[in-house]
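Asks: First, the structure itself, so that you have it in front of you.
The values are calculated or read from the model by the stated rules, or taken from the named source; none is laboratory data. From a predicted model like this one, the values you see are computed outputs, not experimental measurements. Here the Cβ positions follow ideal geometry from the backbone for every residue, glycine too, while neighbour counts run over all protein chains shown. To get the accessible areas, we keep the full protein, side chains included, count just its heavy atoms, and leave off ligands, DNA and RNA. Shrake-Rupley method; radii C 1.70, N 1.55, O 1.52, S 1.80 Å.
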Amino acid sequence: MFYVLCLDSQNRVNYAALVHEGTINEAPVYPRLIVETALRHQANSVILAHNHPGGSLQPSKADIDVTKKIIAALEPISIKVMDHIIVAGDKYFSFAEKGLLGV
């Protein structure tokens, strides 16, 4: 499952949307859906989140690539990606904590 959390200017969640439900090993994500959701809910910034049902916390190349595409799609409309969190069981991986969001 892939979620986008829309945040207001005080970084409070004003809407959480499930934007895609995938298969056991893949959840294609379309940056356009993220942009539409962020605009519809007047997000100042967003947090992306998805799960890895297989248990691995490491982001795949596809995870990193889609994060870069989403950041690039939101940048021209001044919406910042604050984090992308991968959840596996009771553990998580934060792109922001690992410095993978770029500057």
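Asks: Hey, rough spin-label estimate for Val87 and Gln42, points 7 angstrom out along Cα→Cβ, what's it come to in nanometres?
Replies: 2.7 nm
Asks: Return the calculated 222 nm mean residue ellipticity for the chain, to the nearest 500 deg cm²/dmol, obtained by summing -39500 (n - 2.57) across DSSP H runs with n ≥ 4 and dividing by the residue count. Spell out each step's value before the answer.
Replies: Working: 2 runs with 24 residues, N = 103.
Result for the chain: -7000 deg cm²/dmol, rounded to the nearest 500.
Asks: Please give the per residue accessible area of the chain, computed with a probe of 1.4 Å over protein heavy atoms only, in Å². If you can, show how the numbers build up before the last one.
Replies: Details: 6370 Å² over 103 residues.
Spelled out: the 1.4 Å probe surface of the chain, per residue, equals 62 Å².
Asks: Give the lysines reachable from Lys80 as a straight Cα distance under 24 Å; neighbours fewer than 8 places away on the same chain don't count.
Replies: Filter leaves Lys61, Lys68, Lys69, Lys98.
Asks: Right, here's the next one. Per the 1.4 Å probe, what fraction of the accessible area of the chain, in percent, lies on carbon and sulfur atoms?
Replies: Numbers: 3480 of 6370 Å².
Using a 1.4 Å probe with all protein chains present, the chain comes out at 55 percent carbon and sulfur.
Asks: Pull out the extension gain between Ser9 and Tyr30, defined as 0.36 nm times the separation in residues minus the alpha carbon to alpha carbon distance; nm, one decimal. Can you show the working numbers first?
Replies: Details: separation 21, 0.36 × 21 = 7.56 nm, distance 2.45 nm.
Between Ser9 and Tyr30, full extension yields an extra 5.1 nm.
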